[in-house]
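Here the structure is laid out as structure tokens; the discussion comes afterwards.
The values are calculated or read from the model by the stated rules, or taken from the named source; none is laboratory data. Keep in mind it's a predicted model, so treat the numbers as computed, not measured. Note: ideal-geometry Cβ built from the backbone for every residue, glycine included; neighbour counts use all protein chains shown. Side chains included, ligands, DNA and RNA excluded: accessible areas come from the protein's heavy atoms. Shrake-Rupley method; radii C 1.70, N 1.55, O 1.52, S 1.80 Å.
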Amino acid sequence: MKISVSSAAGSAVPLLVVPVLEGGEQDAAFRALDGALGGQLSTLLARGDLKHGFGETSLVFPHSDAAGAERVLLVGLAKGAEVTGERLRRAAGTAAKQAGKSRVASLAFALPASALPVAEAARAVAEGLVLGGYDFRVMKTEDADAPAPVALEEAVILLPQGENESAAAEGARTGEILARAENLARELGNLPGNVATPTYLGDTAERIGRERGLKVTVLGPDEMRTEGLNALLAVAQGSEQEPRLIVMEHRGGPEGQKPLVIVGKGLTFDAGGISIKPAQGMEDMKFDMCGGAATIAAMQAIGELGLPVNVVGIVPSSENLLGGAAMKPGDIFRAHGGKTIEIVNTDAEGRLILVDAISYAKRFEPAAMLDAATLTGACVIALGHAATGVMGNDDGLVQEVVRAGEHTGERCWPLPMFDDYREQIKSDYADLKNSGGRPAGTITAGWFLREFVGEWPWVHLDVAGTAYGEGKLSYLTRGATGVPTRIFVQWVMDRAAAAGGTSPA
Ligand code: BES
Ligand code: MN
Ligand code: ZN
């Protein structure tokens, strides 16, 4: 989607989006349009016909060319002082969906005056437009009789008077890149397990590497055996699909600068293995690679933005099936980090492939490391779909992640890592066992990872409840959400800014 910013209304558009504020004086864009329509909008508003609650919309067909639009979508936003990035993102998501319904390929969005810096506001609108325009349709056969869907190709963000155009354009560019990356993560997540295999993820990472100038290394089973990535290999044993360890390097910082490392679980289908899952809802386990998808997508955005830091993205990828060679409860493997693991539940496989990746990551001497995984059903029980569970060995880093999530509208909530929980994963037969049972299942999984992290600053994001869902927000669709793609990139942007580099909005 081509997104531009403009300080003046241009030629007539098929769809003009104008925010309606709740109570008090309306924004300048609303007043100008109302004037052009001879006060029609204020009459409708006074009569109660024009909705102004947050998220409510009205579609108006102006009777006069003076409006400069074939249709006007009025979106309830907030009280003027309460315009946040997330509210703009949702309003823009609504706008993109309306464009789809109205079958128009371009729109203009009148950005209301607010306390937000214009770059932030333009970025949020760009994100909402691109995210809201996403739809998973590659697997549907086109209906020859139905008219083909119209994609939103062009958007103009109309700026309030006196705002800095180049700052806004930069913000919009950042938002477009972030949201397009997030849509890539969604697409990878939504693709079924028979298409999005470990090999497919590896090929996708290599393609992105070529396009964005990233160094990409993909390890297959032979290299894994040489490296001693035995926990990842153990999970892959039960499947015909070859596992992959995908490593993507962005070298935007000075040579020798320790990189930021992001790791994502790329389990392309989780049947549970010999400890098989119930059939009900098992199809959702194609989403078990969403952490890995977000990692690949974040690396695309980081490369495209050319962020002035070194970043390494790592995705361990496998299926978890029940072939004759599958790992069994009671089996013991020596992981890459040197510790032995007793398998007590083959369905606790995510932590197995992750600890090998985390241990492998140490060769890069990470300045800090984040990992994201659809790791535990317990996290969905604890936090539902409203927040990503976060935990780590560095409170400052946990706060960085929480703040990044507030910035991008992807909420994170810290869970405690008391030493007590660690006891649950001690094994009688090996150094560790791969499940601590039901109590505090999210935290004991976190502790399992931590045993392999050592002293490197690290935070784990359990996205089991947030990486896919029903698509309740305007900028979401049913299926993969792309979370935590934007958190990852935001965190890297914040780190780059703190290191004194210039960073986009
Ligand atoms: N991929 C699942 C976790 C999951 C469950 C994600 C539901 C999203 C929705 C993970 O591999 C798993 O199976 N975890 C087990 C761990 C248990 C065996 C200790 C779980 O949560 O039941
Ligand atoms: Mn599992
Ligand atoms: Zn899993």
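Quick notes on this structure:
- Taking first residues from segment 284-310 that are among the basic types (Lys, Arg) and partners that are open to solvent by 20 Å² or more (accessible area, probe 1.4 Å), the Cβ contacts under 6 Å between residues at least 6 apart in sequence or on separate chains come to LYS286/PRO192; LYS286/PHE269.
- Within segment 114-135, considering residues that are touching a Ser or Thr at 6+ places or on another chain (Cβ under 7 Å) and part of a loop (DSSP other than H, G, I, E, B), the one nearest to GLU170 (Cα to Cα): TYR134
- Exactly one residue among GLY171, GLY193, GLY202 is open to solvent by less than 10 Å² (accessible area, probe 1.4 Å), in contact (Cβ under 8 Å) with a residue 24 or more places away in the chain, under 23 Å from the mean Cα position of the chain (by Cα) and over 30 Å from ALA99 (Cβ atoms), and that residue is GLY202.
- Scanning segment 307-328 for residues that are away from ligand 3 (no atom under 16 Å from the Cβ) and part of a loop (DSSP other than H, G, I, E, B) yields LEU307, PRO308, VAL309, GLY323, GLY324, ALA325, LYS328.
- Tally of residues being buried (at least 23 other Cβ atoms within 10 Å of the Cβ) and of a type in the set (D, E, K, R) across segment 290-321: 1
- Members of segment 364-386 found to be away from ligand 3 (no atom under 15 Å from the Cβ) and surrounded by 20 or more Cβ atoms within 10 Å (Cβ to Cβ), listed by number: PRO366, ALA368, MET369, LEU370, LEU383
Residue-by-condition table, conditions (1) at pLDDT 95 or above; (2) within 14 Å of ligand 3 (Cβ to nearest atom); (3) touching a Ser or Thr at 6+ places or on another chain (Cβ under 7 Å):
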{"position": "GLN257", "(1), (2), (3)": "yes, no, no"}
{"position": "ASP288", "(1), (2), (3)": "yes, yes, yes"}
{"position": "ILE296", "(1), (2), (3)": "yes, no, yes"}
{"position": "ASP331", "(1), (2), (3)": "yes, no, no"}
{"position": "THR340", "(1), (2), (3)": "yes, no, no"}
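- Here GLY436 fulfils each of the conditions (1) under 26 Å from ARG334 (Cβ atoms); (2) within 16 Å of ligand 2 (Cβ to nearest atom); (3) open to solvent by less than 20 Å² (accessible area, probe 1.4 Å); (4) in contact (Cβ under 8 Å) with a residue 40 or more places away in the chain apart from (4).
- Subset of segment 410-427 (residues that are more than 23 Å from GLN399 (Cβ to Cβ), touching a strand residue (DSSP E or B) at 6+ places or on another chain (Cβ under 8 Å) and open to solvent by 40 Å² or more (accessible area, probe 1.4 Å)): LYS426
- Segment 263-289, subset assigned to a helix (DSSP H, G or I) and near ligand 1 (Cβ under 9 Å from one of its atoms), residue most open to solvent (accessible area, probe 1.4 Å): ASP284
- Cβ pairs under 6 Å, 6+ apart, first in segment 245-257 and at negative phi and open to solvent by 30 Å² or more (accessible area, probe 1.4 Å), second in a strand (DSSP E or B) and modelled with pLDDT of 95 or more: ARG251/ASN310; GLN257/ASN310
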